[in-house]
Amino acid sequence: MKYFITIALALLIILASIIGYRQNIFNIVTLPYDDEQIGLQEQIIIHFSHVVAENTPKGLAAAKFAELVKEKTNGRVLVQVYPNGILYNDETELQALQKNEVQMIAPTFSKMTDLLPRWQVLDLPFVFEDEQQIKSLYEKSELKTMLLDELEQKKIKGLDFWHNGFKQIAANEQLIRETGDFTSLRIRIMASDLLRHQFQLLDAVPITTSFGNVYYEIERKGVEAQENTISNIYSKGFHTYEKNITLSNHGILGYAVLMNESFWDSLDGEIQQHIMDALNEMRNWQFDVSVEINNDSLRELESLPEVNIYSLTAEEKTEWKERLAPIYYYYEKEIDVTYYKLLLEHIENN
Ligand code: LMR
């Protein structure tokens, strides 16, 4: 009996060895090294949420930033970009950032003003005369440093400013030329007291709504006009309804590039440096691409026979500025005098 058991066991072992050999079980295979595959523990993911289309100044900047950070950190840090408000809209993204539900966002300056009213300084109309004055402000300026530093009290790390362009007026029914054309006009604005005052001074009816709702609101005639950049108007197809576009260049639309502060603090110094290097490296590129996109989008709009584009004359601009004059007083007296002075100094010297 013992003999049969031994034979049976030996046969079983031989059989298992043959099967094992044929299935390649005993070969220790070394997997090829894939430097894209960083251990999950080591990889750092930055979720970056924004509200505009991918082919816009902010959309392209976010993608470029992701590419540079991946390259500089050898894939250790991955920036995952969520465009078009698919994660958060502009009413919820700041809170999501503060709760670290996303690690990065880039809201417009206007959308910072509820949290930090002094940021309204960048909403003031007719301050910037050309793109160069904006570019130098974003590159390096005392005002930029002070605004970004203010974010610390809100537990937000302010990283940089990105450009979009000058704001224009797009209207459904009527081309806006003189300030009288604003009377009773329901105009969509971003959430900013200064922007509300601006349109109240023109006797318009400002209506705050998030970017994701604008199309719906113009379609159902909840709003009859808006101020926005040409790239935002074109990329979202707002001109389908708002066919009358006035090139007024009355204000600027730029972005604060923000990170959750505790997340930033959790990164080691080398990674923080790579992130800053990426932003420094892309700053001029980002600015120039924004100008280009706005110019290209304008050309596209000009080629559409149904779209009516008009540039304000110098006289009309003067008339707008006169009507809006009390807004500077509002900012200076009610918000902050230092920031206003810094802005004027910047314009004078650039
Ligand atoms: C808007 O709400 O009109 C813009 O702020 C959208 C954007 O982020 O450019």
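The values are calculated or read from the model by the stated rules, or taken from the named source; none is laboratory data. Small disclaimer: the values here were computed from a predicted structure and weren't measured. When we count neighbours, we look across all protein chains shown, and the Cβ atoms used for this are built from the backbone with ideal geometry, even at glycine.
Structure summary
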read-out: Qualifying residues in segment 40-58 (those that are over 17 Å from PRO107 (Cα atoms), surrounded by fewer than 17 Cβ atoms within 10 Å (Cβ to Cβ) and touching a residue at least 24 places away in the same chain (Cβ under 8 Å)) - the one nearest to the ligand (Cβ to nearest atom); value: ILE45
read-out: 1 or more residues among the basic types (Lys, Arg) and more than 21 Å from ASP123 (Cβ to Cβ): qualifying helices (runs of 4 or more DSSP H) within segment 258-350; value: 269-302
read-out: Segment 182-207 residues that are closer than 20 Å to LYS333 by Cβ, paired with ones that are assigned to a loop (DSSP other than H, G, I, E, B) and charged (D, E, K, R) (beta carbon under 8 Å, 6 or more apart); value: SER192/ASP114
read-out: Verdict on ASN228 being closer than 15 Å to ILE176 by Cβ and either within 10 Å of the ligand (Cβ to nearest atom) or buried (at least 17 other Cβ atoms within 10 Å of the Cβ) (or both); value: yes
read-out: Selection within segment 231-246 - within 12 Å of the ligand (Cβ to nearest atom) and either charged (D, E, K, R) or not in a helix (DSSP H, G or I) (or both); value: LYS236
read-out: Residue within segment 251-271 that is more than 21 Å from ALA61 (Cα to Cα), within 16 Å of the ligand (Cβ to nearest atom) and hydrophobic (A, V, I, L, M, F, W, C) present; value: no
read-out: Test: residue in segment 59-69 that is in contact with a Pro (Cβ under 8 Å, 6 or more places away or on another chain) and either at pLDDT 55 or above or loosely packed, with under 10 Cβ neighbours inside 10 Å (or both); value: yes
read-out: Some residue of segment 147-166 being farther than 30 Å from MET282 by Cα, surrounded by fewer than 17 Cβ atoms within 10 Å (Cβ to Cβ) and away from the ligand (no atom under 16 Å from the Cβ); value: no
read-out: Among the candidates GLN95, GLN80, residue that is more than 16 Å from the ligand (Cβ to nearest atom) and either modelled with pLDDT under 95 or not in a helix (DSSP H, G or I) (or both); value: GLN80
read-out: In segment 99-116, residue farthest from the ligand (Cβ to nearest atom) [restricted to those that are closer than 18 Å to GLY85 by Cβ and β-branched (Val, Ile, Thr)]; value: VAL102
read-out: Answer residue from segment 203-220, given it is assigned to a loop (DSSP other than H, G, I, E, B) and surrounded by fewer than 21 Cβ atoms within 10 Å (Cβ to Cβ) and is farthest from the ligand (Cβ to nearest atom) among those; value: ASP203
